[in-house]
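Can you keep this structure in mind? I'll have questions shortly.
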Amino acid sequence: MVYCGKASQGCQNCRTRRIKCDKKKPECSQCIRVGKVCPGYRDQLSLMFRDESSKVIQKAHAQWGSSGSPTEAGQASSSALPQSAGSDSSSSTAPPTPHSLIPATVHRKVDLNLEQRGMQFYIDRYMINHPDCPKTPEELVRYTAGSGPFQNVMIAVGLAGLSNLQGDKSLNMLARTQYVTALKQMGRLLATGRDDPTTLPDQLRGIITLAMFEVVQGKGPKSTVGSANLHINGALAVLRSVLPMRDAPNGGARGVLQLMFAMFIPCQTTSAALPPTFFDAIEICRHLLHGTPEICSVDLALVTAQFLQISAVVEHTALFDQRPNTVDLIQQLLALETKFFDLEVRLHEAYPYTKEKGVYPPAAVFHGRWHAYDSVWGARMWNHYRWARILVNQTLLEFTTLYPVSSHRCISPAQRARCYSTIRRMAEDILISTPAIWHHPLLDNETARKMEVIGPGGAGAVGLPSLLWQLSVAGCAPGVPPDCWNWAHDVLEVVWKDMGMRNAWVLAEVMEKHRSALEKETINRLLKVEDEE
């Protein structure tokens, strides 16, 4: 893209008349004075990524007397897109000669337009209008103006989302090419930036956005989280190497914890063991947060890790009723539930929130209720807690069905009823907390700002992949009302249709298969009763 002077931020009418626009809202004074309808103003994104290449081409035509229109030349050169768009941005080319200027510029114009489309989609759908997003144009520019790898992976995510929505295979191939380019560049950045702390933000953003690409591109639940987890492990290794960070709150413990919690869902989905680096990081965070209320987040991570270890044992071990190891696992699960019960009080102290209610679009706000948190971080901690506690109680209920005699010794009818009530409360709270982590497109700006909480400054949709898994677990949890399933499923479909995040579509399918299996099970049970009668 070629810079052609400072862009006017005024409305189209004032720009056409070449007069100064005062940019008042909803209509400028100039339009009101002459009785015209003010068309509004260009947003910051349009100004950042406006295409000025056609103006340069026209000037080149006039200067060198070239024949043929830029449009014709652009159409003739469009076949070169996949190769040039995926080229490494670090490579250099010789300055064009007058004879080669026009076709070279047109190639660049088409390439940049595709890259701009990817970047614009990423910023529109994955950055702005999320609770944790850049709040000013300056923050948006600062966040997106990173290194080559970070720029390329943002473009890759945007193109992947676009290709998913449009069903465009060539766009999908270009997204993959851009992703591979970013992956190579990130490898070089990690290799050369070990001793340069100024590259750390770009390293972490780039790696996390690479994981986001896997979620957007994902073909299935297990393959998606497995690929994303590789990038998360890489980011954790990078961050551990620089801890403690003198300029970060609590020495950077939150950043490490965020990555650690992001590892839980992949491990739970694939029944894989947590890496040794996880437990090393736990001890580092415990040291950094010692004596603060937020130490409860470290304890939450540890208790959740203990549940995942038990879950892996259950998955890979042949268990039988009335066996000591089965009873032992039930007792361990009950002990974890007690720990989760105690953690709830501590989480309220560290991350308080209030319960709000109003009249909002039903699809956007569950039963008109929402939680007002002090920070996005607090909202995420609470949902990680709710997700894990649902799974603990769900596993206990599964044991009562699979191993009734062993369970009868440990789980009383009152405890079983508490499992159901806890699951329902946790599931509903996940749904109610959704506006704090993701804004439904039906929410108007005023309502969205009302529900917005303070974030660390520009991460955008980084917390959305975890929320999608939490919603699917909440909607399919045993004993929850059907409206929980319906609302969670609808949110997944909206995320898919609005953002092109394929994993949302995959999880919606998982929820549909789960409901179909429950319906089939109910029918078989009824048929069995009829046969017995």
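Exactly one of (1) open to solvent by 20 Å² or more (accessible area, probe 1.4 Å); (2) at pLDDT below 95; (3) of a type outside the set (S, T, N, Q); (4) in contact with a helix residue (DSSP H, G or I) (Cβ under 8 Å, 6 or more places away or on another chain) is unmet by residue 507. Its number?
Only one criterion in (1) open to solvent by 20 Å² or more (accessible area, probe 1.4 Å); (2) at pLDDT below 95; (3) of a type outside the set (S, T, N, Q); (4) in contact with a helix residue (DSSP H, G or I) (Cβ under 8 Å, 6 or more places away or on another chain) is unmet by residue 507, namely (1).
Turning to a different aspect of this structure: Residue 236: modelled with pLDDT of 70 or more and either among the aliphatic types (A, V, I, L, M) or out of contact with any Pro (no Cβ under 9 Å at 6 or more places or on another chain) (or both), yes or no?
Answer is no for this residue.
Considering every residue within region 410-418, establish whether at least one is within 25 Å of residue 484 (Cα to Cα) and touching a Phe, Trp or Tyr at 6+ places or on another chain (Cβ under 8 Å).
no
Additional query: Scan region 331-354 and tell me whether some residue there is in a strand (DSSP E or B) and either open to solvent by 20 Å² or more (accessible area, probe 1.4 Å) or without any contact (Cβ under 8 Å) to a residue 24 or more places away in the chain (or both).
Looking for residues that are in a strand (DSSP E or B) and either open to solvent by 20 Å² or more (accessible area, probe 1.4 Å) or without any contact (Cβ under 8 Å) to a residue 24 or more places away in the chain (or both), one finds at least one in region 331-354, hence yes.
While we're here: Filter region 273-298 for residues that are in a helix (DSSP H, G or I), open to solvent by 10 Å² or more (accessible area, probe 1.4 Å) and not acidic (Asp, Glu) and give the result. It would help to see each step written out before you state the result.
We begin by selecting, within region 273-298, every residue in a helix (DSSP H, G or I); these are 276-288, 295-298.
Restricting the remaining residues to those that are open to solvent by 10 Å² or more (accessible area, probe 1.4 Å) gives 276-277, 279-280, 283-284, 286-288, 295.
If the condition is that a residue be in a helix (DSSP H, G or I), open to solvent by 10 Å² or more (accessible area, probe 1.4 Å) and not acidic (Asp, Glu), then 276, 277, 279, 284, 286, 287, 288, 295 are the ones that fit.
This table checks each residue for (1) surrounded by fewer than 22 Cβ atoms within 10 Å (Cβ to Cβ); (2) part of a helix (DSSP H, G or I); (3) of a type in the set (Gly, Ala, Ser); (4) modelled with pLDDT of 85 or more.
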{"residue": "263", "(1), (2), (3), (4)": "no, yes, no, no"}
{"residue": "300", "(1), (2), (3), (4)": "no, yes, no, yes"}
{"residue": "310", "(1), (2), (3), (4)": "yes, yes, no, yes"}
{"residue": "313", "(1), (2), (3), (4)": "yes, yes, no, yes"}
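Need pairs with beta-carbon distance below 8 Å; first residue open to solvent by 70 Å² or more (accessible area, probe 1.4 Å) and within region 13-24, second assigned to a loop (DSSP other than H, G, I, E, B); sequence gap 6+ or separate chains.
Partner pairs satisfying both residue conditions: 20/10; 23/9; 23/10; 23/11; 23/41.
Would you confirm, using the coordinates I've provided, whether residue 363 is part of a loop (DSSP other than H, G, I, E, B) and under 19 Å from residue 471 (Cβ atoms)?
yes
Does residue 486 satisfy being modelled with pLDDT of 95 or more, open to solvent by 10 Å² or more (accessible area, probe 1.4 Å) and not charged (D, E, K, R)?
yes
Which one of the conditions (1) modelled with pLDDT under 95; (2) closer than 23 Å to residue 441 by Cβ does residue 491 fail to meet, given that it meets all the rest?
Among (1) modelled with pLDDT under 95; (2) closer than 23 Å to residue 441 by Cβ, the lone unmet condition for residue 491 is (1).
Hey, residue 145 hits all of (1) at pLDDT 85 or above; (2) over 21 Å from residue 465 (Cα atoms); (3) surrounded by fewer than 21 Cβ atoms within 10 Å (Cβ to Cβ); (4) not polar (S, T, N, Q) but one; which does it fall short on?
Of (1) at pLDDT 85 or above; (2) over 21 Å from residue 465 (Cα atoms); (3) surrounded by fewer than 21 Cβ atoms within 10 Å (Cβ to Cβ); (4) not polar (S, T, N, Q), only one is false for residue 145: (1).
Cβ-Cβ under 7 Å, sequence separation 6+ or interchain: first residue in region 393-412 and free of Cβ contacts under 8 Å to residues at least 24 places away in the same chain and open to solvent by 10 Å² or more (accessible area, probe 1.4 Å), partner part of a helix (DSSP H, G or I) and among the aliphatic types (A, V, I, L, M). Which pairs?
Once the first residue is free of Cβ contacts under 8 Å to residues at least 24 places away in the same chain and open to solvent by 10 Å² or more (accessible area, probe 1.4 Å) and sits in region 393-412, no partner that is part of a helix (DSSP H, G or I) and among the aliphatic types (A, V, I, L, M) comes close enough.
The values are calculated or read from the model by the stated rules, or taken from the named source; none is laboratory data. Since the structure is predicted, the reported quantities are computational estimates derived from the model, not experimental observations. Every residue, glycine as well, gets a Cβ built from its backbone with ideal geometry; the counts of neighbours run over all protein chains shown. Ligands, DNA and RNA are excluded from the accessible area calculation, which covers all protein heavy atoms including side chains. Shrake-Rupley method; radii C 1.70, N 1.55, O 1.52, S 1.80 Å.
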